[in-house]
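These notes concern the structure reproduced below.
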Amino acid sequence: MTVSELIHPRRFPEPAAALRLIKPITWFPPMWAYLCGVVSSGVSPSGQWALVILGVILAGPIVCGMSQAANDWCDRHVDAINEPDRPIPSGRIPGRWGLWIALAMSALSLLVGWQLGPWGFAATIVGVLAAWAYSAEPVRLKRSGWWGPGLVGLSYESLPWFTGAAVLSAGAPAWPVMIVALLYGIGAHGIMTLNDFKALEGDRQTGVNSLPVTLGPERAAKVACTVMALPQIAVILLLVLWDRPLHAAGVGAMLALQFWAMTIMFRDPKAKAPWYNGTGVLLYITGMMITAFAIRSLGAGG
């Protein structure tokens, strides 16, 4: 803050701070998962590109952005310890503007979700409720190192995957689609646990029992990697069972590279977790799209 801002507090949010509040870097996973759902549905997007584009925007900038705004508002006291330069604790988003932005985006999410038909709208309701259940009292599932990352993983990967497939299919996706969407959402629990490493000190001081806090960095990293790997192994086995050996080999190659990256992270989990979240997660989501292409004929077959 400048001296003038301390003397005359800001009345309105700083535009750059408002953009940072909704964290564009976090939009990619649900947008990618929605596209995986579109591909896995086996339905041609020809003539339905508006639903594809609208769904991607809803999954990323709108619902995910809303969840980030809600989380920052509910975490403003934690961020004052971990990241005091964040938009709300720094004062660049003053007063209750953080809350108002989150509520306005919640309403926008429901409005846009309504345009995607009954399946898309129902999924949007679930996504909005999950975002607030994660961050807000009295539920605040973020306090749990098991329930919190689990909810976020399912919301970031399984829910948008399911939504993309349901919107294109105009109905419930085929069982293979729902199974792999669920497995990748479960695996994302590990990704969210590694993401918690950056807030270790603030979480410890404010009673957020993330796995890095309760287990320590070394054990938490091993648990996270195990949770990420097991669902991918299950996907590989299912692809073999479904007579998709080449796709199974592709996902297996992505997992092998993740194992290599894990060995590097284990040398110093606290310092290397952010690196792994950039390297290992890219391999993880690449496997997701390989799987989506593998099962698209199964999805079309219902």
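The values are calculated or read from the model by the stated rules, or taken from the named source; none is laboratory data. On a predicted model such as this, the values are computed, not experimentally measured, just so you know. Heads up, the Cβs are rebuilt from the backbone with ideal geometry, glycines too, and the neighbour counts pull from every protein chain shown. Keep in mind that these areas ignore ligands, DNA and RNA; they rest on the heavy atoms of the full protein, side chains included. Shrake-Rupley method; radii C 1.70, N 1.55, O 1.52, S 1.80 Å.
Per-structure values
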read-out: Between helix 97-114 and the chain: long-axis angle, C-alpha atoms, 0 to 90°, nearest 10; value: 30
read-out: Highest-fluctuation residue, Gly113, Gly278, Gly190 considered, GNM on the chain with Cα pairs under 10 Å; value: Gly278
read-out: Fully extended contour minus Cα-Cα distance, from Phe259 to Ala234, at 0.36 nm per residue; value: 7.4 nm
read-out: Helix axis angle, 175-195 relative to the chain longest principal axis, alpha carbon, degrees; value: 30
read-out: FRET efficiency, Trp49 to Ala172 (Cβ-Cβ, R0 22 Å, nearest 0.05); value: 0.45
read-out: Contact order normalised by residue count of the chain, Cα under 8 Å, 6+ apart, percent; value: 22
read-out: For the chain, built as a Gaussian network whose Cα springs stay under 10 Å, the top-fluctuating residue of Gly91, Gly153, Gly120; value: Gly91
read-out: Lys/Arg +1, Asp/Glu -1 at C-beta; the chain dipole; positive extreme among Met105, Gly171, Met254; value: Met105
read-out: Centre separation in Å (Cα based) which lies between segment 66-97 and segment 38-55; value: 36
read-out: Contour minus Cα-Cα distance for Leu111 and Arg219 (0.36 nm per residue); value: 34.6 nm
read-out: Options [x] 25.5, 93; [y] 21.6, 63; [z] 19.7, 68 - which one matches Rg and Dmax of the Cα atoms in Å as calculated here; value: [z]
read-out: Three-way shape label, segment 1-94, alpha-carbon gyration tensor, a/c 1.5; value: prolate
read-out: Helix-only mean residue ellipticity at 222 nm for the chain, each DSSP H run of n ≥ 4 adding -39500 (n - 2.57), per residue, nearest 500; value: -22500 deg cm²/dmol
read-out: Residue of Pro30, Pro217, Pro94 that the Gaussian network model of the chain assigns the largest fluctuation, springs spanning Cα pairs under 10 Å; value: Pro94
read-out: Contour excess over end-to-end distance, with Cα ends at Arg96 and Arg267 and 0.36 nm allotted per residue; value: 57.3 nm
read-out: Distance between modelled label sites at Lys23 and Thr206, nm, 7 Å Cα→Cβ extension; value: 1.2
read-out: Per residue solvent-accessible surface (Å²) - the chain, probe of 1.4 Å; value: 45
read-out: Cα shape, segment 103-172, gyration tensor, a/c 1.5 rule; value: oblate
read-out: Contact order normalised by residue count of segment 13-162, Cα under 8 Å, 6+ apart, percent; value: 31
read-out: Carbon + sulfur, % of accessible area of the chain - ligands and nucleic acids excluded, 1.4 Å; value: 71
read-out: On Cα atoms only, tilt of 65-74 relative to the major axis of the chain in degrees; value: 40
read-out: Cβ-Cβ FRET estimate between Arg143 and Leu241, R0 fixed at 41 Å, reported to 0.05; value: 0.60
